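Please read the structure below before turning to the comments.
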Amino acid sequence: MVYYHYAELIHRQAEKYGSRTALKYRDNASGKWLKISWKEFSEYVMLTAKAMAEFGIEVQENIGIYSQNMPQCLFTDFGAYGNRVVSIPMYATNSPAQIEYIINDAQIHTLFVGEQLQYNNAYKVQKESAVLKRLVVFDSAVKFSPDDKTSIYFNDFLRLGDNAHAETTVKIRTNEATPDDVATIMYTSGTTGESKGVVLHHFNYLEAMRIHDIRLPMVNDKDLSMCFLPLTHIFEKAWTYYCLHKGVKVAINQDPKMIQKTLPEVHPTLMCNVPRFWEKVYVGVHEKINSSSPFLKKIFLNAIETGRLYNLEYKNKGIKAPFCLKAKFEFYDKTVFTLLKKILGIERGRFFPVAGAPLSDTVNEFLQSVNIPIIYGYGLSETTATVCFYLEIGFQFGSIGEIMPGVEAKIDESNSEILVKGKTVTTGYYNKPEENARSFTEDGFFRTGDAGRLEGNVLFFTERIKDLYKTSNGKYIAPQAIEMAMSSDKYIEQIAVIGDQRKFISALIVPSYPLLEEYAASKGIEYNSREELVTNHEIIRLIESHIEEHQKNLASYEKIKRFTLLPQPFTMEGRELTDTLKLRRPVVLQKYADEIEAMYAE
């Protein structure tokens, strides 16, 4: 297999595939999916690269991309690589303060932005910035500020480089590109402190391509992948790059809220996603089952149990299933399971990588049982995504998968921290020498900050070390494990477990309001606001009974003793969530200090 440097990858694929479709994206006005061929993709990348050269962007200069998923993000990425320029993505949901921090830290002079919201935020920063000089705007419908004299639309930007000098500059730079060049700086979400820029070189990505080829020989150029997670997320970025390396067609989902509509329109064979997406599938299916007639409910539950027995007790263990079980499973697979997958738009799915957060065994078992082929794994921005993931057959349930070839992992005996080493591991954080010194062991292993254990070559995740609580009774508590136990409950949308230096465990809970309001209506519970609803004794008893059901297998000191229902969700805008939807515990503790203290009042 040939591994092209990203400076030339798209052009080499265009030579191979020509007019075949490389990218698809949904036109917002018509609702139609428009196609971009490999040849057109290559042309756009070259035009972008030439415009960057004409714009005066230098070798290894940092540029920023502040946008939702759009084809232009990929044109800009690969145009940058052709110029040996460093691409720095920012979440479309980032606030002005967040992008200002990255702009100043990385000294970004040129920022590519998506739509009106990103333009407004970026221009606000630019007006006060001594660093940011100009904006290039992807969406031609964006209205510029009347006093804006420096911004330019992307289509106009492309025309700047239409000259022989710019083309020559790009060709020279592409020929001089090396694997040691920095490709991207991925700023982490910062759950416990300020964001850090993870430096990834081209050799990190090239190694990621190589080791994924070993573990994923089934991926081919007949596949279609849905690009749903933000391309700012290392999981989606590395996965999309891998798809382009394999010649996979990529459908770009621009608006995350549209995914339930776009999946049935695209019918992808591949899609990487985070556990929260599948948790919602689990809750939705079980809600449908519970509202069915007794006869249909019995069929659904029997189908799930049949799938569990066949897939987990026989197929995954390499054991031949009894004839009757196999026949029964195939019947359900062609009827119940296929219907479910058609409703979701994933009936053509060959496998779906899942990572980014812990996945509960309950949800995992359900997905495996109904023959939704997820492949669960673990990785970080600092490891160019994947450290390990499930084997297609023979995975160990409850683990986070088998370590990737070329990656070394071991456990720190002092605190059970997962340590990782290999060519996919970052060389360090941008402008953070002290952080770099803390982040690597003397023998070169990266400290992940996650606790776990190794059984042979199979890795198990325990907890984020920084998240571990120690109660006033001296017991160590893993809050994520307790939160994960609650994640499959239909009435619990979000939960933050509290307990550090406390006598017992408590929780802040955001209920699933559509279902809670439906329940209130069925019971004749009257209320004038959500604030009133969450203080209703019958509602509190309902949530309490569901909590008790999910913590039957927890130790007594791990069980939630008290909880508070919140009328408003945790959000990125409220700073309780990172851009990858991880909980910012310090923010939650500070923002809800009064509610927390009330739970511990004598």
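Things to note:
- Annotation: the antiparallel percentage among DSSP beta bridges lying fully within the chain is about 55.
- Computed extension length for residue 591-residue 95: 176.7 nm, one decimal, from 0.36 nm per residue of separation with the Cα-Cα distance subtracted.
- For the chain, the dipole from Cβ point charges (+1 on Lys and Arg, -1 on Asp and Glu) about the Cα centre works out to 1600 debye, to the nearest 20.
- Other residues within the sphere of radius under 9 Å centred on the Cβ of residue 512, judged by their own Cβ, net out at -1 (K and R +1, D and E -1).
- Probe 1.4 Å, accessible area per residue of the stretch 276-319, Å²: 56 Å²
- Extending 7 Å from the Cα toward the beta-carbon at both residue 326 and residue 258 defines two label points whose distance is 4.5 nm.
- Estimated distance in nm for a label pair at residue 391 and residue 293, the labels positioned 7 Å out from Cα along Cα-to-Cβ: 4.5 nm
- Extension gain, residue 312 to residue 470, is 53.3 nm, computed as 0.36 nm per intervening residue step minus the present C-alpha separation.
- Inter-site label distance for residue 178 and residue 342 at 7 Å from Cα along Cβ, in nm: 5.7 nm
- Amide N proximity, the stretch 111-128 versus residue 573 label position 7 Å along Cα-to-Cβ, cut-off under 15 Å: 117-118, 121
- Charge tally in the Cβ shell below 13 Å around residue 149, where Lys, Arg are +1 and Asp, Glu are -1, residue 149 excluded: +1
- Heavy-atom surface of the stretch 62-118, accessible at 1.4 Å and reported per residue (Å²): 20 Å²
- Relative contact order computed over the chain (Cα-Cα under 8 Å; 6+ residues apart), in percent: 11 percent
- The calculated FRET efficiency for residue 120 paired with residue 501, based on their beta-carbon distance and R0 = 45 Å, is about 0.60.
- Lysines whose Cα lies under 17 Å from that of residue 582, excluding same-chain neighbours fewer than 8 positions away: 196, 280, 466, 591
- Residues of the stretch 377-397 falling in the label zone of residue 350, defined by backbone nitrogen less than 19 Å from a point 7 Å along Cα to beta-carbon, are 377, 389-394.
- In the stretch 1-137, lysine pairs with alpha-carbon atoms under 25 angstrom apart (chain gap of 8 or more, or interchain): 12
- Among 321, 239, 114 the positive-end extreme of the charge dipole of the chain (Cβ point charges): 321
- Shape class for the stretch 503-585, computed from the alpha carbon gyration tensor (a ≥ b ≥ c): oblate, with a/c not under 1.5 and a/b at or below b/c.
- The stretch 175-287 shape via C-alpha gyration tensor axes, a/c threshold 1.5: oblate
- Accessible surface of the stretch 168-244 [probe 1.4 Å, protein heavy atoms]: carbon and sulfur percent: 57 percent
- Expressed as a whole percent, the accessible area of the stretch 470-602 that falls on carbon and sulfur atoms is 48 (1.4 Å probe).
- Of the accessible area of the stretch 1-106, computed with a 1.4 Å probe over protein heavy atoms only, carbon and sulfur atoms account for 49 percent.
- The angle separating the long axis of helix 71-82 from the principal Cα axis of greatest extent in the chain is about 50 degrees.
- Whole-Å distance, taken between Cα centres, linking the stretch 9-45 and the stretch 196-245: 18 Å
- Long-range HN-HN contacts of residue 477 with modeled amide H, under 5 Å: 469, 470, 471
The values are calculated or read from the model by the stated rules, or taken from the named source; none is laboratory data. All values derive from a computational prediction rather than experimental measurement. Cβ atoms come from the backbone with ideal geometry, glycine included; neighbour counts cover every protein chain shown. Areas reflect the complete protein model, heavy atoms only, side chains present, ligands, DNA and RNA absent. Shrake-Rupley method; radii C 1.70, N 1.55, O 1.52, S 1.80 Å.
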